[in-house]
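First comes the structure, then the notes that go with it.
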Amino acid sequence: MWLNSTAQNALRAVLYVAEHGEDAPVRVDDIAASLKSPRNYLSKTMHALTRAGVLHSVRGRHGGFQLADP
């Protein structure tokens with residue numbers, strides 16, 4: 001099955017959050033650096049995943065993204 005680049009980045013980002021977001025939220029900057037993806041582009045994708053109920057976002061200095069369901 002073929003996925004476009006946005007879907008591929010979304011899937012990789014969710015997998016990254018699943019691996020690294022157990023204890024604390026994962027920042028978009030860390031995800032973007034790991035995936036070698038532009039931060040602004042990834043940020044929009046992450047917020048779409050939050051609206052879809054896949055991720056949970058935490059605002060603030062120690063904020064970031066975690067899986068909505070462990």
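What FRET efficiency, computed as 1/(1 + (r/R0)^6) with R0 = 25 Å and r the Cβ-Cβ distance, is obtained for LYS44 and ALA18, rounded to the nearest 0.05?
Working: r = 20 Å, r/R0 = 0.80.
FRET efficiency, LYS44 to ALA18: 0.80.
Leaving ligands, DNA and RNA out of it, report the carbon-plus-sulfur percent of the accessible area of the chain at a 1.4 Å probe.
Reported share for carbon and sulfur atoms: 52 percent.
Quick one: 3J(HN,Hα) in Hz for region 28-44, Karplus 6.51/-1.76/1.60 with θ = phi - 60°, rounded, Gly and Pro as x.
Using θ = phi - 60°, the values come out as 4, 4, 5, 5, 4, 5, 5, 8, 6, 10, x, 4, 5, 4, 5, 4, 5 Hz.
Counting Lys +1, Arg +1, Asp -1, Glu -1, what net charge surrounds GLY64 among other residues with beta carbon under 11 Å of its beta carbon?
Neighbour charge sum, excluding GLY64 itself: +1.
How do 35-45, 20-30, 2-12 rank on mean C-beta neighbours within 10 Å, highest first? Walk me through the numbers on the way to the answer.
Details: 35-45: 14.2, 20-30: 16.0, 2-12: 12.5.
The packing order, highest mean first, is 20-30, 35-45, 2-12.
Less than 15 Å Cβ to Cβ from THR50, Lys/Arg counted +1 and Asp/Glu -1: what total charge do the surrounding residues give?
+3
Would you indicate which of (1) 1.00; (2) 1.10; (3) 0.94 is the value of Rg/Rh (Cα atoms, Kirkwood Rh) derived from the coordinates of this structure?
It is the one labelled (3).
Say each of ARG51 and MET1 gets a label point 7 Å from the Cα, pointing the same way as Cα to Cβ; how far apart are those two points in nm?
Taking the simple label geometry, ARG51 and MET1 are separated by 2.2 nm.
The values are calculated or read from the model by the stated rules, or taken from the named source; none is laboratory data. Just so it is clear, the model here is predicted, and its values are computed rather than measured. Note that we place each Cβ from the backbone using ideal geometry, even for glycine, and neighbour counts take in every protein chain shown. The protein model used for the area step is the full one, side chains on, heavy atoms only, and it has no ligands, DNA or RNA in it. Shrake-Rupley method; radii C 1.70, N 1.55, O 1.52, S 1.80 Å.
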